[in-house]
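Structure first, commentary second.
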Amino acid sequence: MADGDPVIELSDVHKIYPDAQRERAVLRGINATFRRGEFVAILGRSGSGKSTLLNLLGGIDLPSGGDIRFNGLSISKLDERRRTLFRREHVGFVFQFFNLIPTLTVFENLLFTLDLNGVDRARAQRRVEELLSQLGLSDRGDSFPDRLSGGEQQRIAVARAVAHRPSLVLADEPTGNLDQDTEQDVLALLRAMPKRDHTTVIAATHSPEVASCADRIVHLQDGTLNDANS
Ligand SMILES: Nc1ncnc2c1ncn2[C@@H]1O[C@H](COP(=O)(O)OP(=O)(O)O)[C@@H](O)[C@H]1O
Ligand SMILES: [Mg+2]
């Protein structure tokens, strides 16, 4: 595969949540292609359906209608077990509140993801050392997450998301809980990844700073997705 090849393709994707009174149609016919090696920002106000869309892209949830293909494979037609395997192998998630495991050290947090993927211990340890060194956090491996600043925790969370070399990284408000200085560190990391590792990075955000770093901005509004420049 080459940079620019389609990785994720959505056709006429709908998501309807059942509600007490009536159904809520959050996504109403999304058509989009996300490509290898690009960093895309999904901009939209709170409640517009950004997290809903990311959950569909990562196979956490299923669309109510339409199709989502990952490298040509229809993930919306996989059963739960296969979707779990798909997610584990191909997707990395970054969340607003870092979600590091508080009882594990930084080193163990990173090792854990690789364990889940069945990477053998010696290789996993080398990978964790490599990631920490890339982040300039080699001396923090033995720390517990709560000893780190928010920016450091989020950089570790990004490292955890990419440790197993997924082709798709989904970031939900990745800088939503950071101040402006540390936001830049995390953004630099997210931005470098698509070029260095040929990953597709999709970040949901309402931050103009995040959007300004992206190769491409799409707007989620009224249940549909539109390119910023169309
Ligand atoms: N599991 C759910 N069940 C019912 N409604 C939901 C669920 N998840 C999200 N919603 C609703 O869908 C809409 C979009 O939510 P969300 O995707 O979280 O938006 P965003 O991430 O852009 O803030 C909101 O109105 C929210 O209340
Ligand atoms: Mg959200």
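The values are calculated or read from the model by the stated rules, or taken from the named source; none is laboratory data. Since the model is a prediction, treat every value here as computed from it, not as a measurement. Cβ: placed from backbone, ideal geometry, glycine included. Neighbour counts: every protein chain shown.
Per-residue answers, yes or no, for (1) in contact with an Asp or Glu (Cβ under 8 Å, 6 or more places away or on another chain); (2) exposed (fewer than 14 other Cβ atoms within 10 Å of the Cβ); (3) assigned to a strand (DSSP E or B):
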site	(1), (2), (3)
Asn55	yes, no, no
Gly59	no, no, no
Pro63	no, no, no
Gly66	yes, no, yes
Phe86	no, no, no
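Quick one: is Ala32 modelled with pLDDT under 95, within 16 Å of ligand 1 (Cβ to nearest atom) and assigned to a strand (DSSP E or B)? Against the criterion (modelled with pLDDT under 95, within 16 Å of ligand 1 (Cβ to nearest atom) and assigned to a strand (DSSP E or B)), Ala32 does not qualify. Would a scan of segment 50-71 turn up a residue that is without any contact (Cβ under 8 Å) to a residue 24 or more places away in the chain, more than 21 Å from Thr84 (Cβ to Cβ) and over 18 Å from the mean Cα position of the chain (by Cα)? Among the residues of segment 50-71, not one is without any contact (Cβ under 8 Å) to a residue 24 or more places away in the chain, more than 21 Å from Thr84 (Cβ to Cβ) and over 18 Å from the mean Cα position of the chain (by Cα), which makes the answer no. Of all residues in segment 121-149, those that are among the charged types (D, E, K, R), modelled with pLDDT under 95 and part of a loop (DSSP other than H, G, I, E, B) total 0.
Starting from residues that are surrounded by fewer than 16 Cβ atoms within 10 Å (Cβ to Cβ) and in a helix (DSSP H, G or I), keep the ones in segment 72-84 and report whichever is nearest to the chain's Cα centre (by Cα). That would be Thr84.
Each residue in segment 101-120 was checked for being under 23 Å from Leu178 (Cα atoms) and in a helix (DSSP H, G or I), and 4 pass.
Pairs are defined by a Cβ separation below 7 Å, a sequence spacing of at least 6 or placement on different chains, a first member in segment 172-190 that is in a helix (DSSP H, G or I), and a second member that is away from ligand 1 (no atom under 16 Å from the Cβ) and among the small types (Gly, Ala, Ser); the pairs so defined are Thr182/Ser149; Thr182/Gly150; Thr182/Gly151; Asp185/Gly151; Val186/Gly151. The residue of segment 192-209 that is nearest to Lys50 (Cα to Cα), among those that are in a loop (DSSP other than H, G, I, E, B) and more than 16 Å from ligand 2 (Cβ to nearest atom), is Thr199.
Each row is one residue, and each column tells you yes or no for (1) hydrophobic (A, V, I, L, M, F, W, C); (2) in contact with a strand residue (DSSP E or B) (Cβ under 9 Å, 6 or more places away or on another chain).
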| position | (1), (2) |
| --- | --- |
| Ser64 | no, yes |
| Phe86 | yes, yes |
| Phe95 | yes, yes |
| Phe98 | yes, no |
| Phe112 | yes, no |
| Glu130 | no, no |
| Phe144 | yes, no |
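Cβ contacts < 7 Å: first residue within 30 Å of Val162 (Cβ to Cβ), restricted to segment 19-41; second residue basic (Lys, Arg), any location; separation 6+ or different chain. Result? That search, which allows pairs on different chains as well, returns Val26/Lys15; Leu27/Lys15; Gly37/Lys195; Glu38/Arg216; Phe39/Arg191; Val40/Arg216.
Taken together, Gln154, Gln180, Gln221 contain a single residue that is under 25 Å from Gly44 (Cβ atoms), of a type outside the set (Ser, Thr, Tyr) and within 17 Å of the chain's Cα centre (by Cα), which is Gln154. Scan segment 178-223 for residues that are within 16 Å of ligand 1 (Cβ to nearest atom), surrounded by 15 or more Cβ atoms within 10 Å (Cβ to Cβ) and of a type in the set (S, T, N, Q) and the total you get is 2. Exactly one residue among Arg22, Arg36, Arg45 is within 16 Å of ligand 2 (Cβ to nearest atom) and either surrounded by fewer than 17 Cβ atoms within 10 Å (Cβ to Cβ) or within 19 Å of the chain's Cα centre (by Cα) (or both), and that residue is Arg45.
Taking segment 9-29 as the range and being within 7 Å of ligand 1 (Cβ to nearest atom) and aliphatic (A, V, I, L, M) as the test, only Val26 passes.
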